[in-house]
Each structure stands twice: as C-alpha cells, then as structure tokens.
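Report on the structure given below.
The values are calculated or read from the model by the stated rules, or taken from the named source; none is laboratory data. Note that the structure is predicted; figures quoted are calculated from it, not measured. No Cβ is skipped: glycine too gets one built from the backbone with ideal geometry, and neighbour counts run over all protein chains shown.
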Amino acid sequence: MIRVPVKHSRPDGKTFVDKAIEAHGTPLPDWLDELARFADASDLGVAGERIGYSRSAVSTVISGKYLGDLARVEQMVRGALMALTVECPILGDIGRDQCLTEQKEPFRATSRHRAQLFHACKTCPQRRK
C-alpha cells in the first residue's frame, strides 16, 4: 500500500494563524493576520499567487523567517487582500499591489500607456524608494 500525504493537510495540525502567532507573538500585525487567515481558508499557493509571491515565500513570511523585503510583502497583502488603494496619476484609483507591480515594470517604447506609467512612477509620491 502506497501512502501519500492528504492534500491541504498539515502534519503538525497547526493553522497558519497559529504558526504566525508562534513566530511573531500577539497581537499579530493586521496584514499578517489577514495573510495567515487567507492561507488557512485557501492554501499557501493560492495566497502566494494572489499577492504575487511563491508559496514558499508566504510560508517563510508566516513563520517569521523571510529574509526579503517584508515591507513590500506587507504592501502587497494590503493591496491584494485588504483592498488598500492609492491614487495613480495615470490609472486613477488602483490597488497598492498593482501600484507596486507597475513600478517594477520596465520602460517599453512600443506601448504609449507603459511609457506614461514608467515616467509617472519615477516621480510619484507612492513610489517605493
């Protein structure tokens, strides 16, 4: 008989909220609580896809071991899961996650829209330093 793990099961039986509390203490920051609850409701892969990160990155954020830019992860969670919006000079009201994604995009002379965004993002007050 071949045994395989049950999909979406956790061997230790802990929820992602429990793991976040163990790693970060209480009270949890609101954005981290939202991310952990979303991961519990769906799974790490879905949560990662929603905020633009891998499932392993979401797992390390929740467990308090993430070595990357935690402030960016926070802003992505606030935009994608908590509906935080910002005013874009080109696009109008957009989610903070979309704003951060647009800032990372390169200049493209073939797209007037992309070129406008590229130049506007350079001087935008929402720009991450």
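Details
- If you check LEU32, LEU67, LEU44 for being under 28 Å from CYS99 (Cβ atoms) and modelled with pLDDT under 95, only one passes: LEU44.
- For the stretch 87-103, the set of residues classified as more than 11 Å from the chain's Cα centre (by Cα) and not in a strand (DSSP E or B) consists of PRO89, ILE90, LEU91, CYS99, GLU102, GLN103, listed by residue number.
- Among the candidates GLY79, GLY52, the residue that is under 12 Å from the mean Cα position of the chain (by Cα), touching a residue at least 40 places away in the same chain (Cβ under 8 Å) and within 22 Å of VAL17 (Cβ to Cβ) is uniquely GLY52.
- Identity of the residue in the stretch 67-110, of a type in the set (Gly, Ala, Ser) and in contact with a Leu (Cβ under 9 Å, 6 or more places away or on another chain), that ends up farthest from ARG50 (Cα to Cα): GLY95
- Among the residues making up the stretch 51-97, those that are of a type in the set (Lys, Arg) and within 26 Å of LYS14 (Cβ to Cβ) are ARG55, LYS65, ARG78.
- So GLY48, is it farther than 20 Å from ARG127 by Cα and surrounded by fewer than 15 Cβ atoms within 10 Å (Cβ to Cβ): no
- The single condition from (1) modelled with pLDDT under 95; (2) surrounded by 14 or more Cβ atoms within 10 Å (Cβ to Cβ); (3) assigned to a loop (DSSP other than H, G, I, E, B) that LEU117 fails is (3).
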